[in-house]
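A.B. asks: Supplied in structure tokens, the structure appears directly below.
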């Protein structure tokens, strides 16, 4: 199995999974931290048949099954000897209701961790974004680098992608409603837009460009609704609101251009 990483000159380089050259990304580091914090339960002092939690090897397997696209066979081949995970046993675990629920819980927890990580990193450039939205400069801040996410993004499974998209969009739509009602200041709303845009790019990369179409459509509708809300207020717009409308229009235009390019590419293939 190969992984795409970012080289010194910004070029994406594919390296073999598990190779010494590969630096762990956000998912593998998160799994490692969960394993360090996990305390294996003891059977001593409990009644026979009473559930006591998972041994470390089963907990380790639940993390990988919950987050990654790595197959059960690949997981047992790569980690079976070190973590005592036999393929047949792993297949049986994956049929258990409790195991599947725990794996699902890992996906939800990791998606929240990833969003918080993006939010924290976006704070580094928010003063520059505020200058842009306040019309102090016409140049948008340079793109943030999330190499630690993109190193592992190709391993994110559907559960992680669905959870990440759902959390990001629901939070975005909730704050959009607050913004339209005048219950959220423009600076805070701009911060959320920047974070949402980064999550969108991560989802696009992780899914090979196929997954976020529904997310894009919902985002477009929410953005258009906010523009209409501001314009229909029949008052003099603040500089921040003017810049927001310009930025939103530019974003919608960019998405439309990408859609036309994608459609043209599909026609050529046919």
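The values are calculated or read from the model by the stated rules, or taken from the named source; none is laboratory data. Since the structure is predicted, the reported quantities are computational estimates derived from the model, not experimental observations. Neighbour counts are summed over all protein chains in view; Cβ atoms, including those assigned to glycine, are modelled from backbone coordinates with ideal geometry.
A.B. asks: What are the pairs, 6+ residues apart or on separate chains, where a residue within the stretch 131-146 that is under 24 Å from residue 202 (Cβ atoms) and assigned by TED's automatic domain parsing to the domain that holds residue 118 has its Cβ under 8 Å from a residue that is surrounded by 11 or more Cβ atoms within 10 Å (Cβ to Cβ) and at pLDDT 80 or above?
C.D. replies: That search, which allows pairs on different chains as well, returns 141/128; 144/121; 144/122; 144/198; 146/118; 146/121; 146/198; 146/202.
A.B. asks: All but one of (1) part of a loop (DSSP other than H, G, I, E, B); (2) modelled with pLDDT of 80 or more hold for residue 18; state the number of the condition that does not hold.
C.D. replies: Failing condition for residue 18: (2).
A.B. asks: Oh, and also: Given the residues 48, 44, 95, which is the only one that is assigned to a loop (DSSP other than H, G, I, E, B), farther than 22 Å from residue 152 by Cα and modelled with pLDDT of 90 or more?
C.D. replies: Exactly one of 48, 44, 95 is assigned to a loop (DSSP other than H, G, I, E, B), farther than 22 Å from residue 152 by Cα and modelled with pLDDT of 90 or more, namely 95.
A.B. asks: So is residue 163 at pLDDT 80 or above, part of a loop (DSSP other than H, G, I, E, B) and farther than 15 Å from residue 60 by Cα or not?
C.D. replies: no
A.B. asks: Of the conditions (1) modelled with pLDDT of 80 or more; (2) touching a helix residue (DSSP H, G or I) at 6+ places or on another chain (Cβ under 8 Å); (3) surrounded by 15 or more Cβ atoms within 10 Å (Cβ to Cβ), residue 78 clears all except one; give me its number.
C.D. replies: Result: residue 78 fails condition (2) only.
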